[in-house]
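Asker: The structure's right below; bear with me while I get my questions together.
The values are calculated or read from the model by the stated rules, or taken from the named source; none is laboratory data. If you're wondering where the values come from, they're calculated on a predicted model, not measured in any experiment. As a convention, Cβ positions derive from the backbone with ideal geometry for all residues, glycine included, and neighbour counts pool all protein chains shown.
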Amino acid sequence: MRNFSPHLLIGAHMKKSGISRRHFIEYTGAAGLGIGLSSILPQILLAKTGINVASSAANPLGLAANTQAEGVFFSGGFGHAYIEYAAEIFAEVHPGSSMSVEGIQRVGERLRPRIIAGDPPDVIDNSGAGNLDTGALVGEGEIMDLGPLMSAPALDTPGKTFGETLFPGSQTSGLFDGVQRYVNIAFTVFGVWHSKTLFDEKGWNYPTTWDGMLSLCDTIKSSGIAPWTYQGKYPQYMLFGLLEPMVSKIGGTKIWKDVDNLVPGAWEHPAMLQALNMMKALHDNGYIMEGTPGLTHTESQAEWLQKKAAFIPCGTWLENEMRSITPGGFDMVIKPVPSDDASKLSWIDASSGEPFMVFSNGKNPVAGMEFLRCLLSKESAKWFAQNVGSIMPVVGGAEGVDLSSAMTSALTAVENAGPNILDRPSFPGWYSDIYSEVKDSMGALLTGRASAEEFIERVQGASDEVREDEDIVKFKRS
C-alpha cells in the first residue's frame with residue numbers, strides 16, 4: 001500500500017474548461033488542414049476503418065508489439081460506444097495489440113482502491129458524479145505528462161502534430177503548472193433546454209431577460225406544466241447551467257478567476273448574491289417541478305421529455321443520454337441563460353471537457369497515450385459527431401456530418417455568441433472540498449433550506465479553509 005494525501009480520497013466533478021472564442025464554426029469543418037501533404041507522404045490504408053495513416057504517424061510514441069492495455073471509462077451521457085470505436089482504431093493501427101474498454105459509473109469509488117494499491121488502469125475518463133480529485137492526483141505524481149503525445153504526429157492529419165489538430169485553447173484546463181496532464185475529448189455547450197414543438201404549440205417565446213423568464217414561468221405554470229426541473233440529486237447542474245453564466249453576465253468573468261485563485265471574499269461579490277437570488281426565485285415562486293430534489297439526472301430529464309416541465313439545464317450530452325426514450329417530434333433545442341441584461345443574452349458557456357488521463361504508474365502508459373491519439377483522430381471525431389451527436393475539439397471533426405436539431409441549435413448559439421463564449425471556472429477540478437460545499441449549498445438554496453447569503457457564507461468558508469490548508473496543492477489561473 002502507498003501513502004496518499006487525504007484529498008486523493010475525495011471525488012470531484014470533471015472540469016469543462018474554455019476554448020478560444022473565435023473560429024469554432026470554421027474549425028469544425030476545416031477540411032483544408034494539411035491538404036497537399038497527404039499525396040506526398042507514404043500512406044498506410046486501414047481496411048476496416050478506412051483511415052489513411054502516414055507511415056511516419058503509425059507508431060511515433062514507440063508502442064511495443066503485442067501490448068495488451070487497459071482502459072476504464074465513465075459511461076454517461078456520451079455512452080461508451082465511441083470509446084469502443086477508438087479501441088478498434090487502436091487495434092487496427094497496431095495489429096496484435098489491444099485496448100480493453102470498460103464503461104463504469106462513479107469512477108472515484110471504483111478506481112481509488114486500485115490507485116492506492118499501485119495498480120491503476122492505463123487510461124481513464126475521469127468524469128461524472130463521484131469521480132477522482134484530479135488536483136490531488138497531480139500533486140501525488142500519479143498522472144502522466146502528456147507532452148510527448150501533444151508533440152507526436154497526428155494519426156490522420158498529415159503534417160500536423162496531435163496538439164495542432166485540437167481546437168486552440170481546448171486543452172488549457174488540462175494544464176497544471178504548464179504541464180499537460182489530461183486531454184478534453186468533448187466540446188460542450190451549456191444552457192437551458194426546451195422543446196421547440198411545445199413552445200410553438202403554446203405560442204411561447206424564449207425570454208431575453210431573467211424578469212422575462214419569471215413572467216413566462218407564470219404563464220407556463222398556469223397552463224398546468226411545471227416551468228422548471230433540474231437534475232435533483234445532482235444540483236451542480238444548476239451551477240454550470242445557471243449560476244456560472246449569470247454571474248459572468250452580471251459582474252464579469254474575472255469573478256470566476258478570483259474564485260479559482262482563492263482570492264479572499266471572491267464568493268462575496270455582489271454579482272454572486274444577485275445571481276443566487278435570481279435563481280432562488282424559481283423555488284420561492286413554485287416554479288420547480290414537485291419532487292425534483294429526489295430525482296436522479298436521468299429521471300428528471302425523462303420527466304422533462306414527457307413535457308411535465310418546460311425547462312431543464314444541461315450540456316449537449318443531453319440528446320445522446322436520453323436518445324432511447326426521446327419522443328418523436330420533441331425537437332429539443334438549447335438556449336443561453338438570460339440575465340438582467342437582454343444585450344448579453346447570447347453570451348454562453350461553451351467549452352471542452354470529459355477529461356481523459358494516463359496514469360504514470362500504469363503498466364502501459366505509452367499505450368494510454370497512443371489510445372488518446374486514436375480517440376482524438378479526425379476519423380474518430382466524425383464517428384462521434386455522427387453517432388453521439390456531439391463535437392470533439394478536433395479540427396475538421398464534424399466535416400460532412402449531418403447534425404441533429406439539438407446540435408444545430410448548439411452550434412447556432414455558439415455562432416451567435418461570437419467573442420462572448422464564457423470560460424468555465426476551474427475550482428471544481430482543482431479543489432474538491434469547495435466543490436462539495438457548492439453542491440450541498442446549491443441543493444439547499446433550491447429547496448428553500450438556505451438563503452443566498454447563507455450559500456455565500458458556506459462556500460466562502462470552504463474556500464478560506466482550502467486557501468489556509470498547506471497540505472492542499474494550489475493551482476493558479478492566469
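Asker: For residues in the stretch 446-478 being part of a helix (DSSP H, G or I) and either of a type in the set (S, T, N, Q) or in contact with a His (Cβ under 7 Å, 6 or more places away or on another chain) (or both), which is farthest from Ser436 (Cα to Cα)?
Answerer: Just the residues of the stretch 446-478 that are part of a helix (DSSP H, G or I), to begin with: 446, 452-468.
Then keep just the ones that are either of a type in the set (S, T, N, Q) or in contact with a His (Cβ under 7 Å, 6 or more places away or on another chain) (or both); that gives 446, 460, 463.
On the way: Leu446: 16, Gln460: 12, Ser463: 11 Å.
Filtering first and then ranking leaves Leu446.
Asker: Continuing with this model, one more query. So the check is Cβ under 7 Å with 6+ separation or different chains; which pairs have a first residue in the stretch 46-57 that's assigned by TED's automatic domain parsing to the domain that holds Phe90 and a second one that's exposed (fewer than 10 other Cβ atoms within 10 Å of the Cβ)?
Answerer: Asn52/Leu45; Ala54/Pro42; Ser55/Pro42
Asker: Then there is this: Taking the criterion of being out of contact with any strand residue (DSSP E or B) (no Cβ under 6 Å at 6 or more places or on another chain), free of Cβ contacts under 8 Å to residues at least 24 places away in the same chain, assigned by TED's automatic domain parsing to the domain that holds Asp464 and assigned to a helix (DSSP H, G or I), would at least one residue in the stretch 278-295 satisfy it?
Answerer: Scanning the stretch 278-295 turns up no residue that is out of contact with any strand residue (DSSP E or B) (no Cβ under 6 Å at 6 or more places or on another chain), free of Cβ contacts under 8 Å to residues at least 24 places away in the same chain, assigned by TED's automatic domain parsing to the domain that holds Asp464 and assigned to a helix (DSSP H, G or I).
Asker: Would you mind finding the one in Gly418, Gly389 that is within 19 Å of the chain's Cα centre (by Cα) and at positive phi?
Answerer: Result: Gly389 is the single residue among Gly418, Gly389 that is within 19 Å of the chain's Cα centre (by Cα) and at positive phi.
Asker: Another question, then. Mind listing whichever residues of the stretch 198-242 are assigned to a helix (DSSP H, G or I), of a type in the set (Ser, Thr, Tyr) and in contact with a Pro (Cβ under 9 Å, 6 or more places away or on another chain)?
Answerer: Scanning the stretch 198-242 gives Ser215, Thr219, Tyr237.
Asker: Take the residues in the stretch 394-418 that are β-branched (Val, Ile, Thr) and outside any loop (DSSP other than H, G, I, E, B); name whichever of them is surrounded by the most Cβ atoms within 10 Å (Cβ to Cβ).
Answerer: So in the stretch 394-418, the residues β-branched (Val, Ile, Thr) come out as 394-395, 401, 408, 412, 414.
Filter once more, so that each one left must be outside any loop (DSSP other than H, G, I, E, B): 394, 408, 412, 414.
On the way: Val394: 32, Thr408: 13, Thr412: 15, Val414: 21.
In this case the residue turns out to be Val394.
Asker: Let me ask something else. Give the residues of the stretch 419-462 that are surrounded by fewer than 20 Cβ atoms within 10 Å (Cβ to Cβ) and closer than 16 Å to Pro245 by Cα, sorted by residue number.
Answerer: Correct list: Pro419, Asn420.
Asker: Within the stretch 38-103, considering only strands (runs of 3 or more DSSP E) that don't extend past its boundaries, which have at least 2 residues that are in contact with a Gly (Cβ under 7 Å, 6 or more places away or on another chain) and surrounded by 13 or more Cβ atoms within 10 Å (Cβ to Cβ)? Spell out how you get there, then give the answer.
Answerer: Numbers: elements: 43-45, 52-54, 68-74.
Where strands (runs of 3 or more DSSP E) fall fully within the stretch 38-103 and carry at least 2 residues being in contact with a Gly (Cβ under 7 Å, 6 or more places away or on another chain) and surrounded by 13 or more Cβ atoms within 10 Å (Cβ to Cβ), they are 68-74.
Asker: Among the listed residues Asp133, Asp156, which satisfies the condition of being among the acidic types (Asp, Glu), outside the structural domain of Ser339 (by TED's automatic domain parsing), closer than 24 Å to Phe384 by Cα and in contact (Cβ under 8 Å) with a residue 12 or more places away in the chain?
Answerer: Asp156
Asker: Can you tell me which residue in the stretch 343-375 is surrounded by the most Cβ atoms within 10 Å (Cβ to Cβ), limited to those that are closer than 11 Å to Ala69 by Cβ and of a type in the set (D, E, K, R)?
Answerer: Within the stretch 343-375, the match that is surrounded by the most Cβ atoms within 10 Å (Cβ to Cβ) is Glu370.
Asker: Do the conditions hold for Ala136, that is, is it within 30 Å of Arg373 (Cβ to Cβ) and touching a His at 6+ places or on another chain (Cβ under 8 Å)?
Answerer: In short, yes.
Asker: Just need a number here: residues in the stretch 310-355 that are touching a residue at least 24 places away in the same chain (Cβ under 8 Å) and either hydroxyl-bearing (Ser, Thr, Tyr) or not in a loop (DSSP other than H, G, I, E, B) (or both).
Answerer: 28
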